[in-house]
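Single-structure report; data block below.
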Amino acid sequence: MKLKKFLLLTAFLCLCLLSRNTAEAVSFSDVPQQHWAAGTIKTMVEKELLSGYPDGTFRPEKQVSRAEFAAILIKAAGINTQAADKSSFADVAEGSWYLPTVETAKKFFNTDTSPGGLKFRPEEPVLREEAAAALSRAKGLSRLDDEQAMAGLFSDYNQISPKYRPDILPAVKSKLILGYQDGSFKPRLPLTRAEAASLIYRAFLYSPSLESWISNGVIKPLAETEKDYQPLTKEMNSNFGSIAVNHSPVKVEFFAGKLDVDGGSDRMIYIFARIDPLKYFTFSEADFGTKPEAVKEFTNNVALWASKSHPGEKVLVVLGYSNLIYYNPESIFDNKYVAYVPDQEGWHINRLYTGAVARNNSVLESWREVD
């Protein structure tokens, strides 16, 4: 029994324990830059809402228990954990690490009544529908009992337990909860650590902004142009094929495609302006390092031009550096820009300097990297 308690406590600490040095914990060997939740996981660790394991992994596909999710939820919501000596549940032992957490979060979760008493099922994996409903309640969203609206949201609507539907619907309408690309919700699947990070982030930390998209890994460098935008990038390479800030011009190459953000609710033309791979240090130190606002202005001008050529459409332009090399570059490049890619047996160096969103010859938002 003591061993079981120790193992449970260890698992909880790995999930929620505050890291003493979050800067060191941001990089995990099993979360490459290309991972769909890499940026979100990084932010959650920086905000000290999650941490990794002592072996340097995050284990993004590991299932999250109901007690663990309750702990993350109340911390992200800013709810103080209540002291508790007695348990309301037959399966939550007095003295267990999660007793105060469960007593604090119990109003957000459905519980079970059995001949043995009320049960919370703290060590069972939290299902996607359970987590979504608990999050909706913690956010204080008003329940919506609209079967027709719910049926139109997900292809597997009938698999969502009726008791959770009125809580899940407002969370989906508020874009706090997203389904899968195939149109399903998969309500009965256990929630993974990566999914928990994404769910909590969208509910309590996310804001729909260029800075948020970049810092959370939504925006990634492009290496090719979609067919529909090849004429656009050809003209851009001709008109904006170099940037000169302080010294000799540095070559810029453009790639473009469609980008969906916020679960597809915001579509735009995404243009990635890649700095000459051989000019990283020249550009980073002599140009961006001394006149970052001039680089930002260049990006704004490119975005304005592109928005005029596609009236009515939102255009995102990001200027950055992207390269794949086959020797360990960590002694040369800042580690935050470096990620090893096992299937390519090399290291990706990705750095974004500036970005701008424009529509109809007007800049809606601009951003630049700040140390």
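The values are calculated or read from the model by the stated rules, or taken from the named source; none is laboratory data. What you see is a predicted model; the values in this text were computed from it and never measured. For neighbour counting, all protein chains shown are included, and Cβ atoms are generated from backbone atoms with ideal geometry for every residue, glycine included.
Could you say whether any residue in region 21-31 is assigned by TED's automatic domain parsing to the domain that holds residue 164, at pLDDT 85 or above and either surrounded by 18 or more Cβ atoms within 10 Å (Cβ to Cβ) or farther than 24 Å from residue 194 by Cβ (or both)? Yes, region 21-31 contains at least one residue that is assigned by TED's automatic domain parsing to the domain that holds residue 164, at pLDDT 85 or above and either surrounded by 18 or more Cβ atoms within 10 Å (Cβ to Cβ) or farther than 24 Å from residue 194 by Cβ (or both).
Give the residue that is farthest from the chain's Cα centre (by Cα), with candidates limited to residues of region 184-207 that are without any contact (Cβ under 8 Å) to a residue 40 or more places away in the chain and either in a loop (DSSP other than H, G, I, E, B) or under 22 Å from residue 124 (Cβ atoms) (or both). My answer is 184.
Would you mind stating whether residue 252 is buried (at least 20 other Cβ atoms within 10 Å of the Cβ), in contact (Cβ under 8 Å) with a residue 40 or more places away in the chain, outside the structural domain of residue 36 (by TED's automatic domain parsing) and closer than 23 Å to residue 348 by Cβ? Yes. In region 265-279, the condition of being farther than 30 Å from residue 124 by Cα, in a helix (DSSP H, G or I) and in contact with a Lys or Arg (Cβ under 8 Å, 6 or more places away or on another chain) is met by at least one residue.
Considering only residues that are of a type in the set (Val, Ile, Thr) and in a strand (DSSP E or B), look in region 229-260 and name the one that is nearest to residue 322 (Cα to Cα). The extreme case among them is 252. Residues of region 55-77 that are free of Cβ contacts under 8 Å to residues at least 40 places away in the same chain and either in contact with a His (Cβ under 7 Å, 6 or more places away or on another chain) or of a type outside the set (Val, Ile, Thr) (or both): 55, 56. Those helices (runs of 4 or more DSSP H) of region 66-160 in which 2 or more residues are modelled with pLDDT of 95 or more occupy 66-76, 99-105, 128-138.
Hey, any hits in region 138-157 for a residue that's under 16 Å from residue 203 (Cα atoms), among the hydroxyl-bearing types (Ser, Thr, Tyr), in contact with a helix residue (DSSP H, G or I) (Cβ under 9 Å, 6 or more places away or on another chain) and buried (at least 21 other Cβ atoms within 10 Å of the Cβ)? Looking for residues that are under 16 Å from residue 203 (Cα atoms), among the hydroxyl-bearing types (Ser, Thr, Tyr), in contact with a helix residue (DSSP H, G or I) (Cβ under 9 Å, 6 or more places away or on another chain) and buried (at least 21 other Cβ atoms within 10 Å of the Cβ), one finds none in region 138-157, hence no.
Among residues of region 78-100 that are of a type in the set (Lys, Arg), those with a beta-carbon under 9 Å from a residue that is exposed (fewer than 14 other Cβ atoms within 10 Å of the Cβ) at least six positions away or on a different chain give the pairs 86/94. Name the single residue, out of those in region 158-169 being of a type in the set (S, T, N, Q) and out of contact with any helix residue (DSSP H, G or I) (no Cβ under 7 Å at 6 or more places or on another chain), that is surrounded by the most Cβ atoms within 10 Å (Cβ to Cβ). For region 158-169, the residue satisfying everything is 159.
Would you please name the residue that is nearest to residue 296 (Cα to Cα), looking only at residues in region 331-371 that are surrounded by 13 or more Cβ atoms within 10 Å (Cβ to Cβ) and of a type in the set (Asp, Glu)? Result: 369. Of the residues 288, 283, 272, the single one that is crowded, with 21+ Cβ neighbours inside 10 Å, in contact with a Pro (Cβ under 6 Å, 6 or more places away or on another chain) and not polar (S, T, N, Q) is 272.
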